[in-house]
Structures are given as structure tokens and as C-alpha cells.
Amino acid sequence: MTPELRPDPPLSGPGVLRPEARPPRPRPRRSWWWLLVSIVLGLSAAGAGAAGVALFWLYRQLPPTDVIKELKLSVPMRVFTRDGKLIGEFGAERRDPLRYDQFPAQAIQAFLAAEDDRFFEHPGVDWHGLARAAAHLVATGEKSQGGSTITMQLARNVFLSSERTYTRKAKEILLALRIEKDLDKRQILEIYLNKIFLGQRAYGVGAAAQVYFGKELRELSLGEVAILAGLPKAPSRDNPVASPERARDRRNYVLRRMRELGYVEREPFEAALKEPVLAREERPAAEVDAYYVAEMVRTELVNRYGEAAYGDGYTVTTTLDAQLQRAANESLRAALRDYDLRHGWRGPEARLPPEALAEFRLKAAEPHPLADAALDALPAVAELLPAAVVEFAPERLRVLTRDHSLLDIRKDEFAWAGFTDELSPAPGDLVRVRRQGERWALAQLPAVQGAFVALDPRDGAIRALVGGYDYFHGKFNRVIQARRQPGSGFKPFLYSAALAAGFTPASVILDAPVVFDDPALESTWRPENYSGKFYGPTRLREALVESRNLVSIRLLQSIGVEYARDYAAKFGLPAERIPRDLTLALGSGAFTPLEIARGYAVFANGGFLVEPHFIAEIRNSAGEVAFKAEPAPACPECPEPEPEAPAAAVADMPPAEGAPRTAPRAIEPRIVYLARDMLRDVVTSGTAARVRELGRGDLAGKTGTTNDETDAWFNGFSSHLVAVCWLGFDQPTPLGRGEVGGRAALPMWMDFMQAALKGVPEEWPERPPGLVSVRINPQTGKLASATAQDAMFEVVQAEHLPPADSEEAADGQALQQKPEDLY
């Protein structure tokens, strides 16, 4: 049936209501919570969108993780002798990278226990840890360290700063996830253990093992490994060198974590807890002990290149000779020890603590933590090792060393100490011992100090330098930093000035008492000879050979203080430190051993002022030469200036085109020869006559001693080598009666020269033109007659012949000269 169709209702008309006139339909009622949910959902969606955008932006900002695989390490500066022996290494970072399979399992477990025990389980981010950190933040309002995995630490160390911000944390999380995607767990752990900073400039576990314990990582005990694993949290504060107590606390925490995780059994755990913390910063290895020079090099390269000197891989070749440096070390230490032995025993350095003494007496040869710690607190100084006295008897001294070796020292090896009932070692005393051949001897740290420098007078290259007994016992470099009075060691400069002023070695000066009431001096000055005697008329040569003070003062009066000062400055001595009064004659100025060595080089090289230097060459990491020394050498063979041209003026002239650059001439050849000839007599018949024991005829030099034997010097040379020795206390103090240069310092010089000149042929310079040998009366210094029985030959300037002793001598003056001396 078809439905009935009805027409549409009218839109308007009678009976039809307009829409606005209809009654409103009731609307559904919505609760307030529905509105709140809508807002929260909207904000969440907006927040999620914003977070997504932020994370996407942060992700785009992340660096590529390929960089982490390269792990570019800084290359330290390395310093060598001229014959290729390592003497020093300096770097902002100490590294010793290892492969994953070279890390002991115990070391890996220790770091996992301390830093990230779920490392092999999480994807780079420990969400549980992050949740705990977030809960802590909500509860306390403070950010915590929690939730940082090893992978996140690696991301932070390689790419990010250490600032604690939410942005950095987000980057850290994203980087960790990316690293875990690109590298496997073993690679990540290997890089982390090689890169982590562990204090004392040590980067990586391998380097830290060397720095703190002087061992390979595989050689460390469980307790030592735990110390290293406890360092990442605060390496500068908690390391065992800076704070053994903090290091022990962190070690014990790591051990407890290892025990909780089942990494270690009970017995080794308890044994490790009892291990003493004996770490100390180990010295860098060197083939030759030349640490004072290595430090000079370090300072110079930092001045040149700034902090880049430590990591840009510079290789420095010094002018040092390894063999001569070893001889210098041994000679200086022997001289200081010998001085110390002459002045007797000063007592033990320290004693074992009372709580350690009782158990030590019962089982001295066994390890004992307190005794070990006390010995470890006394580092080795050069060859002097710390030891604890176990037993003393008149015929034997028994001691225990750090490695638990018992040593028996025979009476003749400690007789120097002069032990008495009141002053003798007791069990528990901490002393020093040193190996002497196949035996051991009692020793003590020398209270006195010394300095030694040797240089090549031909170009100023320093061949050996020792600034003190042991660089690690005191880094003050006395060769370049200690300004001391040279005493009679200054006299050769004064006598050279007198020779240039017209005096000759035959000139006679009165050796007699003299008193000065100089306003420049604090009181009346009554100088004396060291012997306290007066010798009357004395020839200049004799006065220098015997180091006569009164002759030197009268000589200075004759030539004038200002003239002497100007002349002494020609030897390179700083003019501002040369005194302006008569004390100058006795060496009252203050100069470093290196400055004195430079001055004596003028005598050794024929009169030229060379520039001391210690760096021969610097190469960069690519092996390219960054610096090469080009010293101006002495050149005795070069043409001398015309007589009317002053030497100083000639020194300022540029060399002729194509001519090699040479050192400036400081002193006339004839003056140099005369001074050197007189200084040779010092070592054959004067205050340094012991030098004759070396059996050479080409050596010369001068002793030096200051008031009250405060400083002892010997300055000597051959044509190939100048060596200067000084011995004294850092705070000027008398060395003791009889401790003059010829006794205290000369043996150091002789020991060195005996080794340094072995196999070197003797060489003495030819006499320059303008000098003649004449026969003189040794008493008056005047020309002697041909028939005089006690006459002697003397070399003088041709224009300054001595006056005749008699008419006969005057008539035969020409006959007294040797034929080869007639020019």
C-alpha cells in the first residue's frame, strides 16, 4: 500500500509559530569535572607537542657520535738530551690507554659497582635511577646526582659541560641513547675507562694506576683498584695523594658495593678493607736525572707557546750530554755527602708512632700498616732510602726498608756518625741508608746544598746542570736562581783588569795590614788574608795563585773601582750587582753559578763572550723544526780588529757580508792568555794544587771562599769545558772552619772532570803575539841578570817589561828573552 503523501507544512501563516517564539528545548547538563579533564587533556597535548618539538630541536643539536670513536688524546711535551735520552715529559693529561681485554675483570667490576651496576642491562639510560632522582626532586626541591649511567657520563665528558641544568640533562639522555645505538657495551666501557678523569692529571684507569701506585693496572691489589673506582665522583678531592682519609672512605664504599653485588668473596673483601692507603704521586720516568733542566725547558716552552706546550706534542732536544749529566749528579751528591759526614750525625729523621713500635719490635720483618705508612711518608731522596732501625749494637746496625728487607750495616759503614751511649739509634728510629758497592751504609739527608754547571766555552751550550741534591726534594734551581758571593773566585776578573791597565804577572804589590774607614761601609774595615799572615812584597802571579786578599785590595785601589767594575762587566757579569767599593776585590757581589761560568768561559775560549743556552732544537708533533739554536761561537782564528778600533765598537758592527756570525770579543787575547796562565798555576801549586792528581797540564781555575766559610766555590776549565761548583747553605750560614773552596767544592769539580775529560786530548792555546818571556828576580819582580842563580822566567806584555834589577840586567835584557819570544 502506497503511503499517503502529505504536503509540507506551511512555513508561515495563521497558527504557525516563528522559531524564536517556540519554547526552548532543555539542553543536556555537563558537570564541572568534564571541563577540567578537557583543559588537562588540551594542555597535555600542547605540552607533549612542545616537548616533542623541543626534543626534536635538541636532537638536531647533538653532535655526531662518530667523534667518540676517535678519542683524540693530547700529546705531551718530551725533553731529551742531545744524545737522545729522555729527561722529562710534561702534559696537561697523563694517559695510558688500554684495550677492553687488557682491563682486569676486577677493575671492571669495581667501576660498575661504584658507578653503574646495571650497565649491561639498560639501554644507556637507567629509567629506574631517573625516577628516583625525579622523586627526590619532587620531595626536596633539590636536584640530585642519581640516574647518571656510565654511558651518560661518557656523553657528558666528551660532548657536554658539567653544568647541572635540565637542558644539559636532556641532551645527556639523548646522547646516551644515540651512543648505545652506535656502539656496543664493550666499546663504551673501554672508552669510558680510558677517558675518565681520576685526579693528578691522570686520564684513564691505566694512567691512574701509574700515577698513584707506580704499577701496571693488572698489578694492583683489590684495595688499590677500589681506590681508583672511588675517584670519578670527586677526583681532585678524594684522590689518595690529596686526601688519604677520603680515599679510604670511598674505597671502603666501593668494596662494600662489590660485596653486595657478589663480585668479591668475604675473605678478600675483609683483607682489602685492612690495606693501608700508601699511594703517592709517582715521578715521571726519565733515562737521565736532569729534572732541573727539564723544568727550565718546560718554563721556556710555556713562555713561547702558552698552555699548548703541554698537549701539542713538542719534542725538545737540549744541549745536555747524558754522560756528563750523570757525572755531574754523582759528583755533586758525593761532595755534599762527604761534607755531611765530616760534620757528624744529626739524629734520626723521625720515629715510628708509639702504637706501631710495640708490634714492630715483635715482628719487624713482616708487613705492618703503621710502620709501612711511616716509612712511606719519607720519600726516597736521590739514592738515600728511608729505613727503620730494628736493632743497634756497637758492631752492627740492623734496619728495615720499605720493601720489608732487613739490612745489616757493619761498623765501618756507620763509624762516621760517632755514636755514643747518649747519641745512638734506637729501635723505631727512621734513618737513611744507601747502597755502597755490594754493601749498605748509614746515611742522612745533607743539610747543606750545592750547584753545578758545565758548559762548552766555544758556544755556550750547557752540557750538565744540577741545581741541588734532588729536584724532588727541593725544586729551587741554585744554578740560575741562587745569587751568592763568589769570594776569591772574582779575583781573576780583577787581575785581568789590572793586566789590561798595564800591570804584569811580575808586578809587585805590598802584602801588609791595611785599615779602611770608608763611609760606605758600616764600620772600620780591617781585611786579612785567610791565613792571618802578611807576606810583604808579592808578585801578581803569586798573589793570585795563593789568593792573597790584601794584595787584591791594594791592586783595586791602584786601578780604581769604577775601572774595575767596567772591566768585570765585559765578562758578562750584571753591572748593577758589581759593588762600588773596595770589597769588590774580595768578591762581595752576588752572582749565580751560571753567570760565573759564563765569565770563566771567556778565559777558556780566548776572550769571547758566549751566550749560555740549553735548548738545541724544538720540533712540533709533525716532526717539523719549530726552533733551532744558532749560537754565535767564539772564533780565535777570526781576524782581530785594527788596534785603533775599540773591541766594543767592533762587537757592535754587523759581520761582513757572507761572514759567519761570531761571539763578540770581550778581552784582548794577550790578557786572556796571561790570566789563564796564572790560573793554571793555581791548580798546580796554589790553593787548588790537588788538581794535579788528574794528571793533566791543560787545566786552570780558581777557588772561592767567602767570610766565615759561608760559600765554597771552585771555578775551573779546559779548552773544551768550563765547570763551576758551589756548596753552601740556602740560608747563609758558616760551613765550619776549614771548609774552604779547595776542600768543600774542589772534589766535586775533580770528580766531574775526571769523568768528563776521559779520552779527551790535552790542549793549551798558543801564546799570542805581543807577549815575551823574561828572566826576573822572584823577590822583586824585576829583570834578573844573566848570572842570577834564583831567577825565573815570567811572561809579560812586550810593552810592559819589568824594570832591571841591576845595570847588568839592563844591559843583558835582550839576552834574557827566549828566541821564540822576540816579535
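Considering only residues that are open to solvent by less than 30 Å² (accessible area, probe 1.4 Å) and either under 15 Å from Met750 (Cβ atoms) or outside any helix (DSSP H, G or I) (or both), which ones fall in the stretch 322-335?
Leu324, Ala327, Ala328, Ser331, Leu332, Ala334, Ala335
Working only within the stretch 363-408, note down all residues that are open to solvent by 50 Å² or more (accessible area, probe 1.4 Å) and at pLDDT 85 or above.
Across the stretch 363-408, the qualifying residues are Pro379, Glu383, Leu385, Glu391, Phe392, Pro394, Glu395, Arg396, Arg398, Leu406, Asp408.
Cβ-Cβ under 7 Å, sequence separation 6+ or interchain: first residue in the stretch 201-226 and on the phi < 0 side of the Ramachandran plot, partner open to solvent by less than 40 Å² (accessible area, probe 1.4 Å) and acidic (Asp, Glu). Which pairs?
Pairs found: Phe213/Glu224.
Scan the stretch 492-519 and report the pairs whose first residue is closer than 18 Å to Leu783 by Cα and open to solvent by 30 Å² or more (accessible area, probe 1.4 Å) and whose second residue is not in a loop (DSSP other than H, G, I, E, B) and not basic (Lys, Arg), with Cβ atoms within less than 7 Å and a gap of 6+ or a chain change.
Phe503/Leu540; Val508/Pro537; Val508/Thr538
Within the group Arg439, Arg483, which residue is open to solvent by 30 Å² or more (accessible area, probe 1.4 Å), closer than 26 Å to Ala568 by Cβ and either touching a Cys at 6+ places or on another chain (Cβ under 6 Å) or charged (D, E, K, R) (or both)?
Arg483 is the lone residue from the list that is open to solvent by 30 Å² or more (accessible area, probe 1.4 Å), closer than 26 Å to Ala568 by Cβ and either touching a Cys at 6+ places or on another chain (Cβ under 6 Å) or charged (D, E, K, R) (or both).
Kindly indicate whether any position in the stretch 297-311 is modelled with pLDDT under 95 and in a loop (DSSP other than H, G, I, E, B).
The answer is yes; a qualifying residue exists.
Looking only at residues that are open to solvent by less than 70 Å² (accessible area, probe 1.4 Å) and modelled with pLDDT of 90 or more in the stretch 62-84, which one is farthest from Ala461 (Cα to Cα)?
Met77
Just to be sure, is Pro353 free of Cβ contacts under 8 Å to residues at least 60 places away in the same chain, surrounded by fewer than 20 Cβ atoms within 10 Å (Cβ to Cβ) and under 27 Å from Ala373 (Cα atoms)?
Considered against the rule, which asks whether it is free of Cβ contacts under 8 Å to residues at least 60 places away in the same chain, surrounded by fewer than 20 Cβ atoms within 10 Å (Cβ to Cβ) and under 27 Å from Ala373 (Cα atoms), Pro353 comes out as yes.
Can you pull out the residues in the stretch 350-360 that are touching a helix residue (DSSP H, G or I) at 6+ places or on another chain (Cβ under 8 Å), hydrophobic (A, V, I, L, M, F, W, C) and part of a helix (DSSP H, G or I)?
Ala356, Phe360
Considering the stretch 443-462 alone, what residues qualify as being closer than 30 Å to Ala634 by Cα and in a loop (DSSP other than H, G, I, E, B)?
Residues satisfying the conditions are Asp456, Pro457, Arg458, Asp459, Gly460.
Could you identify the single residue in Arg266, Arg283, Arg237 that is closer than 30 Å to Asp751 by Cβ, of a type in the set (D, E, K, R) and modelled with pLDDT under 95?
So the residue among Arg266, Arg283, Arg237 that is closer than 30 Å to Asp751 by Cβ, of a type in the set (D, E, K, R) and modelled with pLDDT under 95 is Arg283.
For the stretch 275-288, does any single residue satisfy the condition of being surrounded by fewer than 18 Cβ atoms within 10 Å (Cβ to Cβ) and part of a helix (DSSP H, G or I)?
no
A quick yes/no check of all residues on (1) closer than 30 Å to Arg767 by Cβ; (2) out of contact with any strand residue (DSSP E or B) (no Cβ under 6 Å at 6 or more places or on another chain); (3) of a type in the set (Lys, Arg):
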{"site": "Leu582", "(1), (2), (3)": "no, yes, no"}
{"site": "Thr592", "(1), (2), (3)": "no, yes, no"}
{"site": "Ala601", "(1), (2), (3)": "yes, no, no"}
{"site": "Gly606", "(1), (2), (3)": "yes, yes, no"}
{"site": "Val610", "(1), (2), (3)": "yes, yes, no"}
{"site": "Glu617", "(1), (2), (3)": "no, no, no"}
{"site": "Ala626", "(1), (2), (3)": "no, no, no"}
{"site": "Glu630", "(1), (2), (3)": "no, yes, no"}
{"site": "Pro633", "(1), (2), (3)": "yes, yes, no"}
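Does Gly347 satisfy the condition of being open to solvent by less than 70 Å² (accessible area, probe 1.4 Å), in a loop (DSSP other than H, G, I, E, B) and under 30 Å from Gln436 (Cβ atoms)?
On the way: open to solvent by less than 70 Å² (accessible area, probe 1.4 Å): yes; in a loop (DSSP other than H, G, I, E, B): yes; under 30 Å from Gln436 (Cβ atoms): yes.
Considered against the rule, which asks whether it is open to solvent by less than 70 Å² (accessible area, probe 1.4 Å), in a loop (DSSP other than H, G, I, E, B) and under 30 Å from Gln436 (Cβ atoms), Gly347 comes out as yes.
Test Arg463 against the stated conditions and say whether it is of a type in the set (Lys, Arg) and either within 28 Å of the chain's Cα centre (by Cα) or closer than 30 Å to Arg775 by Cβ (or both).
Criteria met by Arg463.
Pick from the stretch 783-796 the residues that are open to solvent by 70 Å² or more (accessible area, probe 1.4 Å) and within 15 Å of Arg539 (Cβ to Cβ): which of them is modelled with the lowest pLDDT?
Asp790
Taking the conditions exactly as written (open to solvent by less than 10 Å² (accessible area, probe 1.4 Å), under 18 Å from Arg483 (Cα atoms) and free of Cβ contacts under 8 Å to residues at least 60 places away in the same chain), does Ile578 satisfy them or not?
In short, yes.
Taking the stretch 797-823 as the search range and keeping residues that are surrounded by 14 or more Cβ atoms within 10 Å (Cβ to Cβ), touching a strand residue (DSSP E or B) at 6+ places or on another chain (Cβ under 6 Å) and aliphatic (A, V, I, L, M), which one is modelled with the highest pLDDT?
Ranking the qualifying residues of the stretch 797-823, first place goes to Ala798.
Residue by residue through the stretch 581-597, note down the ones that are open to solvent by less than 10 Å² (accessible area, probe 1.4 Å), aliphatic (A, V, I, L, M) and more than 25 Å from Asp517 (Cβ to Cβ).
Ile596, Ala597
So which residues in the stretch 576-630 are in a loop (DSSP other than H, G, I, E, B) and under 23 Å from Arg554 (Cα atoms)?
Ile578, Pro579, Arg580, Asp581, Gly587, Ser588, Gly589, Ala590
The values are calculated or read from the model by the stated rules, or taken from the named source; none is laboratory data. Please read these numbers as outputs of a predicted model, since none were measured by experiment. Virtual Cβ from ideal backbone geometry, glycine too; neighbours counted across all protein chains shown. The accessibility values were calculated without ligands, DNA or RNA, using every heavy atom of the protein model including side chains. Shrake-Rupley method; radii C 1.70, N 1.55, O 1.52, S 1.80 Å.
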